[in-house]
Amino acid sequence: MVIDLSDGSMVVVSPESIVTLKDYRAAASLRELFGITLGMVRVRINHFAGKPNPYRMNSPTASIAVRGTEFSIEVDAEGTGNDW
């Protein structure tokens, strides 16, 4: 599944992944975008109007704050993850 965000950012969720989408508009500072429990996602965070986007993603082993980059997050059945 591909999720296109209004600022041009994109999240690609691999099949059989478990992802919880968050309401980032309700966050006080960093925008909580999603949590991943199982599977893999590929994320491309876009700079909106030349400014960084302060998104945060959570996995069982890490909280990832990004401002404009492209990366993947993978979490296996044991809850261990790889971020790259």
request  = Find all pairs meeting these conditions: Cβ atoms under 9 angstrom apart; at least six residues apart or on different chains; first residue within region 29-51 and assigned to a strand (DSSP E or B); second residue of a type in the set (Asp, Glu) and at pLDDT below 80.
outcome  = Glu32/Asp23; Phe48/Asp7
Search result, residues across region 38-58 that are more than 15 Å from Thr69 (Cβ to Cβ), surrounded by 14 or more Cβ atoms within 10 Å (Cβ to Cβ) and either at pLDDT 90 or above or more than 9 Å from the chain's Cα centre (by Cα) (or both) = Leu38, Gly39, Met40
ask   = Going through region 64-84 one residue at a time, which ones are in contact with a strand residue (DSSP E or B) (Cβ under 7 Å, 6 or more places away or on another chain) and modelled with pLDDT of 85 or more?
value = Glu70, Phe71, Ser72, Ile73, Glu74, Val75, Ala77
note = Taking region 1-21 and keeping only residues that are under 13 Å from the mean Cα position of the chain (by Cα) and either at pLDDT below 80 or part of a strand (DSSP E or B) (or both), one is left with Val2, Ile3, Asp4, Met10, Val11, Val12, Val13, Ile18, Val19, Thr20, Leu21
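The values are calculated or read from the model by the stated rules, or taken from the named source; none is laboratory data. Note that the structure is a prediction, hence the values are computed from the model and not measured. Don't worry about glycine lacking a Cβ; one is built from the backbone with ideal geometry, like all the others, and counts go over all protein chains shown.
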